[in-house]
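Structure, as structure tokens:
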Amino acid sequence: MTPALAALLSHPAIWRGDDCAPEPAALPTGFAALDAVLPGGGWPSHALTEVLLAREGIGEMRLVLPALARLTRERRQVAWIAPPYRPYAPALAAAGVDLARLVLVRCRDAAEALWAFDQALRAPECGAAFAWLAEADERKLHRLAVAAREGRTLGVLWRRPGVAARAAAAPLRLALDAGDGALAVRVLKRRGGEVAQALRIDVARRWSTLPDGVALPPAFAPRAPSRPVRPDPRSSAGYGQAQARAARVRRAAN
Amino acid sequence: MRWIALLFPSLPLDVFARALRPGDARAPLVVHGDGRAPRVVAANAAAREAGIRDGMPLAAALALCPGVAQVARDVAAEDAALAQLATFALTFTPAASLAEDAIVADIGPSLRLFGGEEKLVASLVGGVRERGFAVRSGLAPTPLAAVALARSGDGRRIDDGDVAAALAPLPLAHFGLDADALATLAAAGVRTFGAADRLPRGGLARRCGRAFVAALDRAAGRASDPRVPFLPPPQFAAKLELPANVHDVAALAFAVNRLVQELASWLLARGLGVTELALALSHERALARSLDSPCTHARFALAAPSRTSAHLMHVLRERLARVALPAPVAGIALATEAVAPLAGRNHALLPGGEADAPEVPLVDRLRARLGDDAVRLVVPHADHRPERAMRASSPGGGATGTPLPAAIEAPRPVWLLREPRPLAGLIEAQPWVLREGPERIESGWWDGGDVRRDYFVAESPSGEVAWIFRDHRRGTDDGEWFLHGLFG
């Protein structure tokens, strides 16, 4: 390749189909493996992203919290529209989120949520807007994608995996699944080439920051037992002496 | 010194007519005095076209135009309107004062800030007209001369120099002087300022009083004329009576806009921004008796102090759209509930750099449409019981919360369930893997919210990482299992 051609191809306005499109603004996710596959090396901070997951609680928020913490510390506002549960302040504060900039919006119906999401995406002071919408037709999603682009906001729409077959209005679509102790992330759509393999992101890292000296009963040591534990007080797995005593008391009563 | 005088020739009419949208203002309307045979005090253009004149008995006006709308003169509303207009004038200069039915303001020191006399006068007079008042202005080096000029016609000016010579042709009656003295001089054929000013001082003072001569000197700029500056009221409360009952909220927005403009100038004159407003819509008296309350109240709070009328109006309009009117509205009242100091804004050094356009903050737009309690912040609260370790606060409230000491760093879930959910059946059916725990939380025996729980981080068979606990409240160690949160 001649140097002139190489110089031309390295121009930021030109991208080739076989590599990631340059994203005008990306926000590092905090997970190197994920950054590597996302266009621009992070969450697209001027676009809508769809995240599909079957149920909450598999580590989806831990995937985005580093980016949120960073945004709020940069004094940008973050809006959560119609979250499925109560966001728990102590956990968010521990993750470094500035709670004064996290606005929670409760909506009575889907129309209100759509409106609020659109407003948040267009608001200049808003750095990120998350919405949990049960259903939204593709035309409305297209409007939201435009709103995120024009409002220069990181928009994340949390949806159920049933919609995966349909065309996505958002330029980035991820599917999350619970893996074995890690979060499996599949990139369903992005600007640039395909990503065939699911990524395994270790969002758990370490469960707690309790001192290492805390001795757990063997049954409760993380992944220690080959068979899962059924937390039944009558099982011999042991809850410590208190449980053993309780079991003895029950036996005596029987 | 450069004084502007503002006169409001149709004030009795304007305090009512300004609540009407331009389309509705075409219907004939008269304002009448009281007494046994009330007379017309002011009539609008449509009423004049029908032949109604000021001073005509009301009965005659009704005969000329049977459909004319009539309202009794409201002197208190006129005084309030003058005070509002003086407050508006204070946004141009710190030296504005009331002079009977006129407002005089020294705009000399403000000319440079507002880009010259033309621009300042245009925006001051334009602002008054925008508020729905007819206005005549006069500009002169002394306040008395400015008032006399405004009475003689609109937009007349006297430049610095020989003020007495410029005032000479003006009628004496326009200077607001003692009526007896005017009659004495008129009998002698002295009717203009120039003629009176030429008379020998000693004789004039003997016949008309020292105060008369002093007034002539003040008008001509030969004596100083100190004025007591107008002070805007410490609280804002404005009312607007609607001449016709209003049924729909959209028509109401026009009248509310009038009050919001007044509020904005009051805030600017006092260097404040509003954070909480109360709007009261009063219903017609006859109907109000059948309702629970004679007023419909709407309150709203802003996330940050503001005094931009576009911002306030946006919030009010959204809020009004959610108000259900039980009856037609006869009057509106707007009052500030809470204000906060708001510093002035620096203008950009280079033209076109005005990045901070009057944008309505997101929080205010959401709250106006969805309701005040739909938009919340969460703050940590120093309590070991998980359900009490968090409080909701409203944006802009300034609550930062009281987190527990940082030394306590046990895993906490991002999602908390509103109520702990019993797991009995679930946990029996399929095994859950306990990842970490137990963390004993035992607290609250003193306030009735007694908890005694062992918390675990557990993974459900379907892969959710959950925060579950075992309830030991009853003192035994084989209590129920509950799901309390999800490590999203």
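What follows draws every value from the coordinates through simple rules; no lab data is involved. Computed from a predicted model, the values in this text were never measured in an experiment. Cβ placement follows ideal geometry from the backbone for every residue including glycine, while neighbour counts extend to all protein chains displayed.
Annotations for the structure displayed:
- Descending semi-axes in Å of segment B:3-160, equivalent ellipsoid built from Cα gyration tensor: 33, 15, 14
- Placing unit charges on the Cβ atoms of the charged side chains and taking the dipole of the protein assembly as shown about its Cα centre, the candidate lying farthest along the positive direction among A:131, B:91, A:2 is A:131.
- Percentage relative contact order, segment A:18-201, counting C-alpha pairs under 8 Å, at least six apart: 28
- Extension gain, residue A:152-residue A:135: 0.36 nm per intervening residue step, less the Cα-Cα distance, totals 3.7 nm.
- Annotation: lysines with alpha-carbon distance below 23 angstrom to residue A:140 (same-chain offsets under eight excluded): A:189.
- P(r) for segment A:18-201, from all Cα pairs and a bin width of 10 Å, is 10, 40, 41, 10, 0 %, short bins first.
- Helix B:309-321 axis, angle to chain B major axis (alpha carbon atoms, nearest 10°): 60
- 3J(HN,Hα) couplings calculated from phi for segment B:251-256 with the Karplus curve 6.51 cos²θ - 1.76 cosθ + 1.60 (θ = phi - 60°) are, in sequence order, 5, 5, 4, 5, 5, 5 Hz; Gly and Pro show x.
- Distance between modelled label sites at residue A:191 and residue B:211, nm, 7 Å Cα→Cβ extension: 7.9
- Range in chain B, longest, excluding exposed chymotrypsin sites (Phe, Trp or Tyr not before Pro) [loop by DSSP; at most 12 other beta-carbon atoms within 10 Å]: B:1-444
- Extension gain for residue B:402-residue B:284 works out to 37.6 nm (0.36 nm per residue, less the C-alpha to C-alpha distance).
- With a Förster radius of 22 Å applied to the beta-carbon distance between residue B:188 and residue B:152, the computed FRET efficiency rounds to 0.50.
- Mean Cα-pair separation over length for chain B, i.e. relative contact order, pairs under 8 Å, 6 or more apart, %: 11
- Segment B:3-160: antiparallel DSSP beta bridges as a percent of all, rounded to 5: 75
- With Rh defined as the Kirkwood radius, the inverse of the mean 1/r over Cα pairs, the Rg/Rh of chain B is 1.19.
- Peptide A:116-126 has a mean of 4 when you count, residue by residue, the C-beta atoms of other protein chains within 10 Å of its C-beta.
- Those GluC sites (Glu not before Pro) in segment B:97-191 that DSSP places in a loop and that have at most 12 other beta carbons within 10 Å: B:100
- Modelled FRET efficiency - R0 30 Å, residue A:110 with residue B:391, Cβ distances, 0.05 increments: 0.60
- Cβ-Cβ FRET estimate between residue B:178 and residue B:235, R0 fixed at 41 Å, reported to 0.05: 0.65
- Where trypsin sites (Lys or Arg not before Pro) in DSSP loops with at most 15 other Cβ within 10 Å are excluded, longest remaining stretch of chain B: B:346-472
- Built amide H within the under 5 Å cut-off of residue B:39, gap 5+: B:33, B:58
- Compared with the alpha-carbon gap, the fully stretched path from residue B:335 to residue B:299 is longer by 12.0 nm at 0.36 nm per residue.
- Database remark: amide H of residue A:26 closer than 5 angstrom to the amide H of A:45 (H placed geometrically; neighbours at sequence offset of 5 or more, or on other chains; Pro and chain starts carry no H).
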